[in-house]
Amino acid sequence: MSGHLFFKERWYGFDDGLYAGARLLELLSREADINATLNNLPDSINTPELQVRTSEGENHTLIAQLQKNAVFNNPQQVITIDGLRVEYSDGFGLARASNTTPVIVLRFEADNEPALKRIQEDFRHNILHAKPDAQLPF
């Protein structure tokens, strides 16, 4: 969503949107049928960036608490780099503390609407367990 794509090979290791676009064009130029390639990409349902307002500094404390204590239903992987990303077989949920404003940023993506709602409920349960007065935008 933010366009921060990092490349290690053939580049200096920082993000560059123009370089990312050039690399995409390079890959697509190797395809016999670009439309077929693009049409074969999976469809998914996703949310916009959602925010949970907190007091100053509370966002980092809440994420640390979730990283330590949250229990998710049947995750494939729980990643705690720069927040909390929970991978499921049919989608993911992401929560991270903003570095510029006192909010928790949330994103959800899933293969279908029931999966999206299930993943959001998993996060809702854990966030409200850690912060019962949280005003969740989902």
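Values quoted throughout were computed directly from the atomic coordinates according to the rules given, and no laboratory measurement underlies them. Just so we're clear, the structure is a prediction, and the values are computed from it rather than from any experiment. Backbone-built Cβ (ideal geometry, glycine too); neighbour counts: all protein chains shown.
Determine the relative contact order of region 45-130: mean sequence separation of Cα pairs under 8 Å and six or more apart, normalised by residue count, in whole percent.
Relative contact order comes out at 35 percent.
Pick out which of A64, A22, A115 has the largest mean-square fluctuation in a Gaussian network model of the chain, springs linking Cα atoms closer than 10 Å.
A22
Around L5, with a cut-off of 14 angstrom between Cβ atoms, what is the net charge of the other residues, counting Lys and Arg +1 and Asp and Glu -1?
Working: positive: K8, R10, R23; negative: E9, D15, D16, E26.
Net local charge, L5 excluded: -1.
Grab the Cα-Cα distance for E113 and D90, subtract it from 0.36 nm times how many residues apart they are, and report the gain in nm with one decimal. Present the calculation step by step, with values, prior to reporting the outcome.
Numbers: separation 23, 0.36 × 23 = 8.28 nm, distance 1.05 nm.
Full extension of this stretch gives 7.2 nm more.
Could I have the simple spin-label model distance between K8 and L38, label points 7 Å from Cα toward Cβ, reported in nm to one decimal?
Reported label-point gap for K8 and L38 is 3.0 nm.
What 222 nm value per residue comes from the helices of the chain, counting each DSSP H run with n ≥ 4 as -39,500 (n - 2.57) and dividing by all residues, nearest 500 deg cm²/dmol?
Theoretical 222 nm ellipticity from helices: -11000 deg cm²/dmol.
Give me the three principal axis extents of the chain from the C-alpha atoms, as integers in angstrom, largest value leading.
Its Cα atoms span 53, 35, 23 Å along the three principal axes.
Which lysines have a Cα less than 27 Å from the Cα of K68, not counting those fewer than 8 places away in the same chain?
Cross-link targets: K117, K131.
What is the sum of charges around H129, taking Lys and Arg as +1, Asp and Glu as -1, for the other residues whose C-beta is under 14 Å from the C-beta of H129?
Working: positive: K68, R124, K131; negative: E121, D122, D133.
Its environment carries a net charge of 0.
Could you give the length gained by full extension between A64 and Q76, i.e. 0.36 nm per residue of separation minus their alpha carbon distance, to one decimal place? Don't skip to the end; give the middle numbers.
Numbers: separation 12, 0.36 × 12 = 4.32 nm, distance 2.04 nm.
Taking A64 through Q76 to full extension adds about 2.3 nm, to one decimal.
How about region 29-138: which GluC sites (Glu not before Pro) there lie in a loop by DSSP and see at most 16 other Cβ atoms within 10 Å?
Within region 29-138, the qualifying GluC sites (Glu not before Pro) (loop, at most 16 other Cβ atoms within 10 Å) are E31, E49, E56.
Loop only by DSSP, 10 or fewer other Cβ within 10 Å of the Cβ. Give me the trypsin sites (Lys or Arg not before Pro) in region 1-55 that pass, ordered by residue number.
K8, R10, R30
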